[in-house]
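Every number in this text was worked out from the coordinates using simple rules, so none of it is lab data. What you are looking at is a predicted structure, and each value in this text was computed from that prediction instead of being measured. Ideal geometry is used to build each Cβ from the backbone, glycine not excepted, and the neighbour counts take in all protein chains shown.
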Amino acid sequence: MSERSKVVITGFEAKYYDELLNILSLFQYPRFIKRVIFEETDVKNGSNIAELGVGNGRNAILFSQKTGDKGKVVGFDISDDMIEKARKKTQKYPNIEIIKHNILKPYPGKYKNFFDIAFMSFVFHGLEDYEKEKMLENLKVIIKKGAKFYILDYAQTNIENTPFYYRFFIKHLECPLALEFLSYNLDENLKKHGFILTNRHFHFKNLISYSEYTFLPNASK
């Protein structure tokens, strides 16, 4: 990952990830992410789900509950600290597998055309543009035609039209890539790879977007 990115979480932040996330969201995150996964994500019983950047495993558990015993959730992450935390948190869920893997590199062959859903939460913005291209090329190999790709991240907007606290957070606390992401043409760049926007929800005063893309590889030609 780029040195300008903050998406690889280690050390203190990894150890207290749950607590920090809850505090930063004013304790709204647990209810918010449950709503996103259970009400805004098209998970069917038996779906195979890839989480790109599994973090502490909280989301993987929610996906596990929704897809059921016939489905499988595979969480990929590059941080040893987060992988350790996720494996401990998900050890009671037999349909969850946590794997150390850099999403900018090709996936193990056994996952070719395997997943019905791919999910990424606050990772996309932390990739350089050339890294986004690598990630998408690798992703296309492991998902089925018609699969859904969900991106939960900052909404594209003019930073000067946002609340002062959000401007401060993006400009001074987030990585430089986050500010650049606000003007990134997400839909057009994903369309080049065959991902067509099929749904979008906005949250937290339209500052956060949850985008659903359907993988239709011939649609971009």
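In this structure, the pairs whose alpha-carbon distance is over 25 Å, taken from K70/K144; K171/K192; K72/K191; K88/K140; K105/K171, are K171/K192; K72/K191; K88/K140; K105/K171.
Secondary structure note: in the chain, about 45% of the DSSP beta bridges are antiparallel. The ratio of the alpha-carbon radius of gyration of the stretch 121-189 to the globular-protein estimate 2.2 N^0.38 Å is 1.25. Relative protection proxy for 89-98, 41-50, 200-209, from highest mean packing down: 41-50, 89-98, 200-209 (other beta-carbon atoms within 10 angstrom).
Dipole size in debye (nearest 20) for the stretch 181-221 around its Cα centre, Lys and Arg Cβ +1, Asp and Glu Cβ -1?
Value, rounded to 20: 40 debye.
State the answer as a single residue: which of Q28, I143, T67 lies farthest towards the positive end of the charge dipole of the chain, with beta carbon charges of +1 for Lys and Arg and -1 for Asp and Glu, about the Cα centre. So the residue we want is T67.
Projected onto planes of every orientation and averaged, the convex hull of the alpha-carbon atoms in the stretch 156-201 covers 3.9 nm². Close amide-amide hydrogen proximity is noted between I208 and A155, H203, each under 5 Å apart and 5 or more residues distant or on a separate chain (H modeled in the peptide plane; Pro and chain starts excluded). Overall shape of the stretch 11-215 was characterised from the C-alpha gyration tensor. The equivalent ellipsoid obtained from it has semi-axes of 25, 21, 17 Å, in decreasing order. Here the chain is treated with +1 on each Lys and Arg Cβ and -1 on each Asp and Glu Cβ, and its dipole about the Cα centre works out to around 740 debye. Its relative contact order, with pairs defined as Cα atoms under 8 Å and 6+ residues apart, puts the chain at 18 percent.
About the centre of its Cα atoms, the stretch 29-141 shows a dipole size close to 540 debye [charges on the beta carbon of Lys, Arg (+1) and Asp, Glu (-1) only; nearest 20 debye]. Within the stretch 50-73, which residues have the backbone N less than 14 Å from the label spot 7 Å out from K110 along Cα→beta-carbon, could you tell me? Answer for this model: 72-73.
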